Amino acid sequence: MWLERLCFGTSTFAAGRLRPDKDSRPGIATLREAVRQGLRWIHSNPRLGTQWAIREAVADAPVRHLIKAEAALDATPTQRRDAIYAAIDASRRNLGTDQLHAVVWEIDLKHTRHHALLVDENAVGDFYDAGAQMIRDSGVVDSQVAYCHSPAHLCAAKRCEPITGIAAQYNQAEPWPAFYLDGLEGPFFGMSPLRRGELGPSAVSWAAAHPAVTAVVVTMSTLEHLAGVKAALARPPSLESVWETARTWLPPGDRE
Ligand SMILES: NC(=O)c1ccc[n+]([C@@H]2O[C@H](COP(=O)([O-])OP(=O)(O)OC[C@H]3O[C@@H](n4cnc5c(N)ncnc54)[C@H](OP(=O)(O)O)[C@@H]3O)[C@@H](O)[C@H]2O)c1
């Protein structure tokens, strides 16, 4: 049961020029064990060069792959298309699978030069909409997930017909997505529930507590961390504690 709500995040393997000396064996053993116990979701970024390790760990197990694709908000339609197809093609090749479960389509904030566009809901909506159509047209991806950096971006994504799911950083220090979970129709993926390891394992169960959360995406490189996450997911906190934390994100006058 606990594994249904867990997606393995994978940034902890050796990767070509980026991290050639990283010992990938503990991470591969951890992913292999999670899959053996029934894990079915894996999120990866083809640009990190780590998908080889997923393929090695997973072999022929029936997992669903979510992969990341990103482009600047001011990228041309051709550049967006190239980014999407490069991510899809590389992932299918590296992961050894014809069909991907989802592309998580994200605005590349760092490379967006026209910052004013980031608060233009039409520009953001068009980015999600056009990208999701390209992903759908590829014919090799089951669903189109919008990665949302802010409440405004999440609202823009919700209005896009070809977007079928939402992803966002979601943890006790960034709890704002909780306010939108009740109104979501498709799946929701909570990224960085441990805030890159700053929070304890109980933070994973906080992020998975709302029933609208399809899966929380956790990076784990050791069997001990996998066991800690498993134990935490078996003890979900009350939904009220999710709202209590989320309310702290609001200005004091809006908390009641
Ligand atoms: N823009 C995006 O697409 C985006 C953004 C953010 C995150 N993500 C995805 O979400 C995944 C997770 O995000 P993240 O790595 O930022 O944060 P995270 O999963 O919240 O935290 C990962 C860190 O927590 C540690 N950890 C795992 N289990 C633990 C446990 N039981 N007790 C103590 N520490 C534990 C890990 O250590 P070890 O590695 O040593 O086990 C790692 O340092 C990423 O790999 C990525 O796939 C995607």
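What the table shows:
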quantity: Average Cα contact separation per residue, the stretch 124-216, under 8 Å, 6 or more apart, as relative contact order %; calculated: 23
quantity: J(HN,Hα) series, the stretch 179-191, from Karplus relation 6.51 cos²θ - 1.76 cosθ + 1.60, nearest Hz, glycine and proline x; calculated: 5, 10, 5, 4, x, 7, 8, x, x, 10, 10, x, 8
quantity: Principal semi-axes in Å for the stretch 205-248 [√(5λ), Cα gyration tensor, largest first]; calculated: 22, 10, 10
quantity: Per-pair calculated FRET efficiency, R0 = 22 Å: Tyr85 and Lys22 via Cβ, rounded to 0.05; calculated: 0.20
quantity: In Hz, Karplus ³J(HN,Hα) per residue of the stretch 47-64 (6.51, -1.76, 1.60; θ = phi - 60°; x = Gly, Pro); calculated: 6, 7, x, 10, 5, 4, 6, 5, 4, 5, 6, 8, 6, 9, 5, x, 9, 9
quantity: Antiparallel %, DSSP beta bridges [both residues in the stretch 113-256], to 5; calculated: 10
quantity: Mean separation of Cα contacts under 8 Å (6+ apart) over length of the stretch 1-129, as relative contact order %; calculated: 22
quantity: Compactness relative to 2.2 N^0.38 Å, alpha carbon Rg of the chain; calculated: 0.99
quantity: Distant-in-sequence amide H partners of Ser44 (H built 1.01 Å from N, under 5 Å); calculated: Leu66, Ile67, Lys68
quantity: Reachable lysines from Lys230, criterion Cα separation under 30 angstrom, eight or more residues apart if same chain; calculated: Lys22, Lys68
quantity: Overall dimensions of the stretch 41-108 by Cα: Rg and Dmax, Å; calculated: 12.2, 39
quantity: Equivalent ellipsoid semi-axes, the stretch 134-205, via Cα gyration tensor eigenvalues times 5, rooted, Å; calculated: 25, 14, 10
quantity: The stretch 29-71 versus the stretch 222-250: alpha-carbon centroid distance in Å; calculated: 23
quantity: Label point distance in nm, Gln37-Thr76, each placed 7 Å from Cα along Cα→Cβ; calculated: 4.9
quantity: Alpha-carbon Rg with Dmax, taken over the stretch 176-243, Å; calculated: 11.9, 36
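Quick note: the coordinates plus some simple rules give every number you see, no bench work behind them. Small disclaimer: the values here were computed from a predicted structure and weren't measured. Note: ideal-geometry Cβ built from the backbone for every residue, glycine included; neighbour counts use all protein chains shown.
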